[in-house]
Amino acid sequence: MDIQTIRERICRQGRMVSLLLLLAAATWAPVIQAADDPLIMGVFPRRNAAETAKLFTPMAVYLGEQLGREVKLVTSRNFDSFWTAVKEQRYDIVHYNQYHYIRSAKTYKVIAHTQEFGKNAVAGVLYVRKDSGITEVSQLRGRTVIFGGGKDAMLSYIAPRYLLMQAGLREGDFKTEIAINPQNALVALYYKQADAAGGGEVVLDQPVIKSAINAQELRLLAATEPLLFLPWAVKRTMPAKLAESIQSVLLDLKNSDAGKQVLKSAIMTGMGNARDRDYDPHRKMTTAVFGPGGTAK
């Protein structure tokens, strides 16, 4: 083989190697880019979008700083649009209520729960006026019960409905009214627009209630067992190491001044570890209220 032929072969091999490198770069480029894409954090519309953004932007920024990767907060106009995003797995990290988690547990993994008012778990309750003469849940038959949220509200609708069922009252045995939130439900009860109100046991102690009504005129009629507070979850397809890092940052918030400010901004007092089985009591109530499918109609 002469020198010229050897040189041509080397050139051809060099061009082939270059082509293979270009193909490899094209193949891996989306993967490398995806690793640098922002993590999308969704928060359920417990409050309006503007207030949600104000409360949780510090948490998104802090998470991003700790992870070394941007975390982008996405708010929703209403529960329908939020739930659509959950079903389509648009969120990498999501904060929602217990009912939402139960419904999405096949695609999302719970990693933490919020602590509010210094409590890890809160009971769902039924309130009545002290002057109502109502001392048993069964006395609500034929009366009006106002719930502090829609049918997907765990503490304000599902848990109180469970209490009614435990007393032998099915849907149709009482008149149902729905308030925008638990606070409005208690105000309606106070002004005798309903005979009972459903909500979480902490609602009566909130400053907004104490400033709006004389809370001493209301009392707790019945309560469920304490239910673990609102969950934080990540997509099950997320790499385990990243999920563990996010969990570690959330659970460690209460241990630094910067983390405490993040919690304060989000109106939380801490974060606790959570596992799927911690939400079995919620599943039991949801199935009792909505049937085997466990879905609000």
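Listing for the model above:
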| read-out | value |
| --- | --- |
| Carbon plus sulfur fraction of accessible area for the stretch 91-200, probe 1.4 Å, in percent | 44 |
| Reachable lysines from residue 54, criterion Cα separation under 17 angstrom, eight or more residues apart if same chain | 72, 260, 264 |
| Neighbourhood net charge (9 Å Cβ-Cβ; Lys/Arg +1, Asp/Glu -1) for residue 123 | -2 |
| Cβ-based charge dipole, the chain, positive-most Cα from 104, 43, 186 | 104 |
| Share of alpha-carbon pairs per 5 Å distance bin for the chain, given as whole % | 1, 5, 10, 14, 15, 13, 10, 8, 5, 4, 3, 2, 2, 2, 2, 1, 1, 1, 1, 0, 0, 0, 0 |
| Calculated from backbone phi, Karplus (6.51, -1.76, 1.60) coupling profile of the stretch 218-232 in Hz, x at Gly/Pro | 10, 8, 7, 8, 7, 9, 7, 5, x, 10, 4, 5, 4, x, 10 |
| For residue 153, distant residues with modelled amide H under 5 Å away | 158 |
| Residue among 195, 205, 173 with the largest mean-square fluctuation in a Gaussian network model of the chain, springs linking Cα atoms under 10 Å | 205 |
| J(HN,Hα) series, the stretch 185-194, from Karplus relation 6.51 cos²θ - 1.76 cosθ + 1.60, nearest Hz, glycine and proline x | 5, 5, 5, 4, 4, 4, 8, 6, 8, 7 |
| Cross-link partners of residue 284 among lysines (Cα-Cα below 20 Å; sequence separation of 8 or more within a chain) | 106, 109, 151, 297 |
| Accessible solvent surface per residue of the chain, calculated while the other protein chains remain in place, 1.4 angstrom probe, Å² | 52 |
| Proximal charge balance of residue 226 [Cβ under 10 Å; K/R count +1, D/E count -1] | -1 |
| Percent of beta bridges antiparallel (DSSP, the chain, rounded to nearest 5) | 65 |
| Three-way shape label, the stretch 192-232, alpha-carbon gyration tensor, a/c 1.5 | oblate |
| Computed accessible area, residue 277, all protein chains, 1.4 angstrom probe, square angstrom | 150 |
| Cα-centre dipole for the chain with unit charges at Cβ (Lys and Arg positive, Asp and Glu negative), debye to 20 | 440 |
| In degrees, nearest ten, helix 49-67 long axis to first principal axis of the chain (Cα) | 40 |
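The values are calculated or read from the model by the stated rules, or taken from the named source; none is laboratory data. Please read all numbers here as calculations on a predicted model, not as lab measurements. As a convention, Cβ positions derive from the backbone with ideal geometry for all residues, glycine included, and neighbour counts pool all protein chains shown. Heads up: the accessible areas ignore ligands, DNA and RNA and are worked out on the full protein's heavy atoms, side chains in. Shrake-Rupley method; radii C 1.70, N 1.55, O 1.52, S 1.80 Å.
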